[in-house]
2 protein chains.
Amino acid sequence: MSNRRPTIADVARHAGVSKGAVSFALNGRSGVSDETRRRILDAAARLGWSPSHRARALSTSRAFALGLVVARDPELVGADPFFPTFIAGVEKVLAERDQALVLQVVTNPAAEEAGYLRLAREGRVDGVFLVDLRRADPRIALLEEIGLPAVTLNRPDVPTRFPAVILDDRCGITAAVRHLAGLGHTAIAHVCGPEPYLHAIARREAFADAMTEARLPAGQVEQGDFTAAGGRAATHRLLTGPDRPTAIVYANDLMALSAIAVAAELGIRVPDDLSITGFDDTDLAGYVHPALTTVRADARGWGEVAAQTLLALIDGQRAADTTLPPAELILRRSTSAP
Amino acid sequence: MSNRRPTIADVARHAGVSKGAVSFALNGRSGVSDETRRRILDAAARLGWSPSHRARALSTSRAFALGLVVARDPELVGADPFFPTFIAGVEKVLAERDQALVLQVVTNPAAEEAGYLRLAREGRVDGVFLVDLRRADPRIALLEEIGLPAVTLNRPDVPTRFPAVILDDRCGITAAVRHLAGLGHTAIAHVCGPEPYLHAIARREAFADAMTEARLPAGQVEQGDFTAAGGRAATHRLLTGPDRPTAIVYANDLMALSAIAVAAELGIRVPDDLSITGFDDTDLAGYVHPALTTVRADARGWGEVAAQTLLALIDGQRAADTTLPPAELILRRSTSAP
DNA sequence: CCCCTCTAGTAAAGCGGTTTAGTACAGCGC
DNA sequence: GCGCTGTACTAAACCGCTTTACTAGAGGGG
């Protein structure tokens, strides 16, 4: 009388059928009568059997898992609200399909490709999420070469057969600029994210385009890095430079939040002397003084759709690009007329 | 000429040995001569072979993966800096041992136990991290019953055989109270975390003990929930109540940060009229105005040691409790003499 | 020279599923 | 009665490793 887990053979014996029949019954395939199927499922339930994921994985050459590798600087890894929320959305889909998420967090960018290679080589996952796309992202070619299915968050700048799940960032920035221009601002600056990231570039371009559209002179653009320290430095340059803007559009909340402090130290009042907008709508954004006008994107929904798309792709369906509702501007108190 | 992945049989054929010999050579076991071992490893390298994780998992009944299930309210899931950082530490250890991390994020607390059960039933992981311990945490019994190895972050309040990785929170709070008392504060309040969490309780007790130790009257304690909204509400109650404290010790940064805004709205200056301390040392903490005095714990190191401990436990070593350097107070500008 | 032990290696049996090839039988048309 | 088709099911191969049981041969002791 051992208490090892029951196997398919135990179920077969109890139901008086072969292992194959149990497998068929379990997977809802034809070749077993309704009566027999019921008997088999009964026996399985009675024994508390559920198929061994490991055995299944070996015999079907599938991992039943999806991968996500996140590359982040150590100081930024905890500050970014996107990932946990995105992952929560992914999980919602995976849980009900008995799939798992294997996560890799690398703080060293060099380790990123190694991460994907490891996931692929070990056959840990059936597909991966490609986030934080960069200019001419080498991961696209890498994944196509090793034949690992992927979905991208937004469209890469290189041709690819991977489906994209698109959530338009740009129009959040556009809305912010329009909002500021509508308030009467003309000297509007932008603190962008680091160069290689496509979302940083997209936001910067959206800023430039919106300025043009509003018939305003091209605003100053300062380089940030999505960290509070970087946001502080960029803001300081803008506020102490020759042409002090009356409004600044930030590429994320963390930088915008740190700007409020810089302004306070310089005796510049927000929003009276300086309007500020963020991006992300972090939990804190609505609870600082003044509450931050910011752009909100549905990270959770993004995760859900990305997971569905990736699973469909792995199932062999020709997955098409999906477009989600665009990011929207949340008006709060950090913006006002100049 | 197929281009399927090479298997152990291919390597064996090329090296002119049996599959068993390859397995022995790979795993560094005795029974192969140095000469043969070299020949085998050569052949493996030439073929670009690495053992199939799936096959290994099935034949050894191991998953070569560790699990983490994070239960968080939707609004808090992105705001907590602890997890990503902790996970980065875990990964550092796992990567070099070819182990994976499977993550589950559940926003519904009821789904938490189901999460562990699923990981266990499907044999997805060999062990799990037990974080956010609660009073009389039911997960301990659950995991002991299903026989899934675990390590706990700090010690639970119920007896258990699972090793704990201990990082003393309390002394960070103690240091904060001492610091404030040393500055001359006597009316010090605490905004604690939600009831069931052991770390919230520990911080609250540390606060109470430190107040006693400083020979101060027991300070007011307001219930928070670790969110900005909760912090705001608690702070508002304290600052508009009958005995307005001159200093408030918060159980996390997010609540402390939102307090700065509440104070500003009420015309209370920080730190002149009100001193504030946080907990976590989030990226933003040093970049708000005034910069936040807070408590820093090494989440990354915690992750590393927790992973090492869990792997040792799974390997059958009797893993002992480990104690890490305690949390330390980081002095900034949000505290001053009353 | 014989027996014993030790080393280096092989063959084959798992691990627990899926899947393919094959079989037994019923039903049907003629 | 015979061949044909379709259904329900079984036996066995297979996925790619690990591990056990066994063997051949070398070396050593007496």
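The values are calculated or read from the model by the stated rules, or taken from the named source; none is laboratory data. None of these values were measured; they are calculated from a predicted model. When we count neighbours, we look across all protein chains shown, and the Cβ atoms used for this are built from the backbone with ideal geometry, even at glycine.
Figures for the structure shown
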{"quantity": "A:ILE87, sole failed condition from (1) more than 30 Å from B:ARG56 (Cα to Cα); (2) surrounded by 18 or more Cβ atoms within 10 Å (Cβ to Cβ); (3) within 13 Å of chain B (Cβ to nearest Cβ)", "calculated": "(1)"}
{"quantity": "Filtered residue count, the stretch B:299-319, keeping only those that are β-branched (Val, Ile, Thr) and touching an Asp or Glu at 6+ places or on another chain (Cβ under 9 Å)", "calculated": "2"}
{"quantity": "Number of the exception - B:ARG139 against (1) in a loop (DSSP other than H, G, I, E, B); (2) on the phi < 0 side of the Ramachandran plot; (3) not polar (S, T, N, Q)", "calculated": "(1)"}
{"quantity": "Positions within the stretch A:20-51 being more than 12 Å from DNA strand C (Cβ to nearest atom) and touching a Phe, Trp or Tyr at 6+ places or on another chain (Cβ under 9 Å), in sequence order", "calculated": "A:ARG37, A:ALA43"}
{"quantity": "Within the stretch A:247-273, tally of residues that are touching a strand residue (DSSP E or B) at 6+ places or on another chain (Cβ under 7 Å) and either over 20 Å from A:ASP298 (Cα atoms) or of a type in the set (A, V, I, L, M, F, W, C) (or both)", "calculated": "9"}
{"quantity": "Residue satisfying condition, being surrounded by fewer than 13 Cβ atoms within 10 Å (Cβ to Cβ), within 8 Å of DNA strand C (Cβ to nearest atom) and under 30 Å from A:ARG124 (Cβ atoms), within set A:ARG54, A:ARG4", "calculated": "A:ARG4"}
{"quantity": "Top-ranked residue in the stretch B:57-77 [being under 19 Å from B:PRO149 (Cα atoms) and surrounded by fewer than 19 Cβ atoms within 10 Å (Cβ to Cβ); ranked as nearest to the chain's Cα centre (by Cα)]", "calculated": "B:PHE64"}
{"quantity": "Residues that are more than 17 Å from B:PRO74 (Cβ to Cβ) and facing chain B (nearest Cβ under 8 Å), drawn from the stretch A:291-312", "calculated": "A:ALA291"}
{"quantity": "Count - residues of the stretch B:242-278 that are in a loop (DSSP other than H, G, I, E, B) and closer than 18 Å to B:HIS185 by Cα", "calculated": "13"}
{"quantity": "Subset of the stretch A:314-324 (residues that are out of contact with any helix residue (DSSP H, G or I) (no Cβ under 8 Å at 6 or more places or on another chain) and farther than 30 Å from A:GLY123 by Cβ)", "calculated": "A:THR323"}
{"quantity": "Complete set of residues in the stretch A:287-299 that are in contact with a Pro (Cβ under 8 Å, 6 or more places away or on another chain) and surrounded by fewer than 20 Cβ atoms within 10 Å (Cβ to Cβ)", "calculated": "A:ASP298"}
{"quantity": "Pick from the stretch B:193-236, criterion of a type in the set (D, E, K, R) and over 26 Å from B:GLY78 (Cβ atoms), ranking: farthest from the chain's Cα centre (by Cα)", "calculated": "B:ARG215"}
{"quantity": "Filter result (under 12 Å from the mean Cα position of the chain (by Cα) and not hydrophobic (A, V, I, L, M, F, W, C)) within the stretch B:149-177", "calculated": "B:THR152, B:ASN154"}
{"quantity": "Restricting the stretch B:263-286 to residues that are more than 13 Å from every other protein chain (Cβ to nearest Cβ) and among the polar types (S, T, N, Q), the residue that is surrounded by the fewest Cβ atoms within 10 Å (Cβ to Cβ)", "calculated": "B:SER275"}
{"quantity": "The stretch A:7-19, residues that are surrounded by fewer than 13 Cβ atoms within 10 Å (Cβ to Cβ) and near DNA strand C (Cβ under 8 Å from one of its atoms)", "calculated": "A:ALA9"}
{"quantity": "Residue in the stretch A:198-212 that is closer than 18 Å to A:VAL295 by Cβ and either within 14 Å of chain B (Cβ to nearest Cβ) or part of a loop (DSSP other than H, G, I, E, B) (or both) present", "calculated": "no"}
{"quantity": "Scope the stretch A:62-82; condition without any contact (Cβ under 8 Å) to a residue 60 or more places away in the chain and facing chain B (nearest Cβ under 8 Å); matching residues", "calculated": "A:ARG72, A:PRO74, A:VAL77, A:GLY78"}
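This table checks each residue for (1) surrounded by fewer than 21 Cβ atoms within 10 Å (Cβ to Cβ); (2) at the interface with chain B (Cβ under 8 Å from one of its Cβ atoms); (3) modelled with pLDDT of 95 or more.
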position	(1), (2), (3)
A:ASP98	yes, yes, no
A:LEU101	no, yes, yes
A:GLN104	no, yes, no
A:ASN108	yes, no, no
A:GLU113	yes, no, no
A:TYR116	no, no, no
A:ARG121	yes, yes, no
A:ARG124	no, yes, no
A:PHE129	no, no, yes
